[in-house]
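Everything below concerns the one structure shown next.
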C-alpha cells in the first residue's frame with residue numbers, strides 16, 4: 001500500500017472514531033429541585049445525539065442516595081414535550097415515591113428536541129435505545145434496573161427497542177397497539193364511524209376494507225376497497241380518502257413501519273410487563289389488545305406479567321362515558337394509578 005493510500009485510510013479511521021465519539025455526545029445540566037405532587041426531585045437536563053436527532057429532556061432523581069432504578073417515559077403519536085401530552089406529573093409522583101428516577105424528553109420537533117421523522121416508529125426506537133445507553137453511563141442510575149412506561153404509539157416503539165437493547169429490564173404499556181398500525185387505524189376509523197351513528201355492519205366494512213386498501217397487492221383489490229369505503233358515510237370526512245388512478249398507484253412496501261406487528265417481539269419477551277387497556281378505547285382495540293398480549297406472553301413463557309382492561313375509561317385511562325373522540329378529562333382513573341403503584345412495589349420485592 002503506497003503512502004497516499006495509507007494516509008487516506010488513517011483519515012477515514014479517524015473520521016469514523018470522531019463520528020462515533022460525537023454520536024451520543026451527552027450534556028448534563030443541573031436544574032434544581034422540583035415538586036411533583038407530594039414528591040420532590042432533583043432535576044437535571046440531559047441532551048444527547050441520536051443519528052440526525054438532538055434530544056433534550058429532564059432526568060428527575062428521587063431524594064436519597066443512589067444509584068436509583070429509572071423509568072423512561074415514552075409519548076404516543078403527535079407532538080409532545082418532556083412534560084407529556086397526557087399529564088405526566090401524577091405518574092412521575094408515583095414513580096418518585098417508589099424510589100424510581102424518571103427520564104422523559106421532548107419529542108423531536110417539539111420543545112427543544114430537533115429533527116424530523118421519516119420512519120417514525122423505527123427512528124423513535126433508535127432514539128430510545130440511545131437514551132437508555134445514556135442512562136447506563138449515569139453515575140446515579142442503576143444500570144440493571146432500567147424500565148419503560150409508554151402510551152399508545154409507544155406500544156410499537158418499545159418492543160422495537162427491546163429487540164436492540166439488553167439494558168431494558170421491565171415495561172409498562174398503556175393503551176399500546178397489539179397489531180400492525182394498518183389494522184389499528186382500521187379499528188380507529190371504524191370507531192369514528194360508530195361514534196357518528198354508523199351501524200355495526202358499516203363499522204365491520206370499514207375495518208375489512210381499510211385493511212384491504214392498505215395491504216392490496218393489485219390495483220383491483222385497492223380500487224374495490226376504496227369504492228366500498230367511500231360509500232360509507234363519514235369515512236371521507238374522517239380520512240380525506242380519495243381514489244388514486246392506476247397509473248399513479250403502487251402497492252405499499254412491506255418494509256414500511258405500518259406493517260410492524262409488536263407481537264412479533266412480545267412473543268419472545270420475558271422481562272416483567274404490566275399492560276393496561278381502557279374498556280372504552282376508540283383508538284386501540286382493547287379486546288384484541290388484551291387477547292394478543294396474553295397469547296404472546298404465554299408463548300414467550302413470560303413468568304411475570306399482568307394485563308388489565310379497566311372499565312369505564314378511554315384511551316388515556318381517564319373516566320369516560322362512551323370513549324368517543326373529544327371526550328375525556330385529565331384525571332386518571334384511581335384503579336390505574338393504584339394498580340401501577342402496587343406493581344412497582346412487587347418489582348422491588
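Values as computed for the structure displayed
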{"item": "Criterion (touching a strand residue (DSSP E or B) at 6+ places or on another chain (Cβ under 7 Å) and modelled with pLDDT under 95) met by exactly one of 102, 72, 134, 86", "result": "86"}
{"item": "Tally, over segment 28-69, of residues that are modelled with pLDDT under 95 and crowded, with 20+ Cβ neighbours inside 10 Å", "result": "0"}
{"item": "Qualifying residue in segment 62-69 (condition: under 15 Å from the mean Cα position of the chain (by Cα) and either in a strand (DSSP E or B) or in contact (Cβ under 8 Å) with a residue 40 or more places away in the chain (or both))", "result": "no"}
{"item": "Single residue of 257, 281, 237, 261 found to be closer than 27 Å to residue 203 by Cβ, over 16 Å from the mean Cα position of the chain (by Cα) and surrounded by fewer than 22 Cβ atoms within 10 Å (Cβ to Cβ)", "result": "237"}
{"item": "Residues of segment 310-326 satisfying the condition of being at negative phi and surrounded by fewer than 16 Cβ atoms within 10 Å (Cβ to Cβ)", "result": "311, 321, 322"}
{"item": "Subset of segment 327-349 that is out of contact with any strand residue (DSSP E or B) (no Cβ under 9 Å at 6 or more places or on another chain) and in a loop (DSSP other than H, G, I, E, B) - its residue that is surrounded by the most Cβ atoms within 10 Å (Cβ to Cβ)", "result": "327"}
{"item": "Qualifying residue in segment 115-126 (condition: surrounded by 24 or more Cβ atoms within 10 Å (Cβ to Cβ) and at pLDDT 95 or above)", "result": "yes"}
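Yes/no matrix, rows are residues, columns are (1) without any contact (Cβ under 8 Å) to a residue 60 or more places away in the chain; (2) under 24 Å from residue 185 (Cβ atoms):
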{"site": "259", "(1), (2)": "no, yes"}
{"site": "265", "(1), (2)": "no, yes"}
{"site": "273", "(1), (2)": "no, no"}
{"site": "298", "(1), (2)": "yes, no"}
{"site": "336", "(1), (2)": "no, no"}
{"site": "348", "(1), (2)": "no, no"}
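The values are calculated or read from the model by the stated rules, or taken from the named source; none is laboratory data. Remember, it's a predicted structure, so these values are computed and weren't measured experimentally. For neighbour counting, all protein chains shown are included, and Cβ atoms are generated from backbone atoms with ideal geometry for every residue, glycine included.
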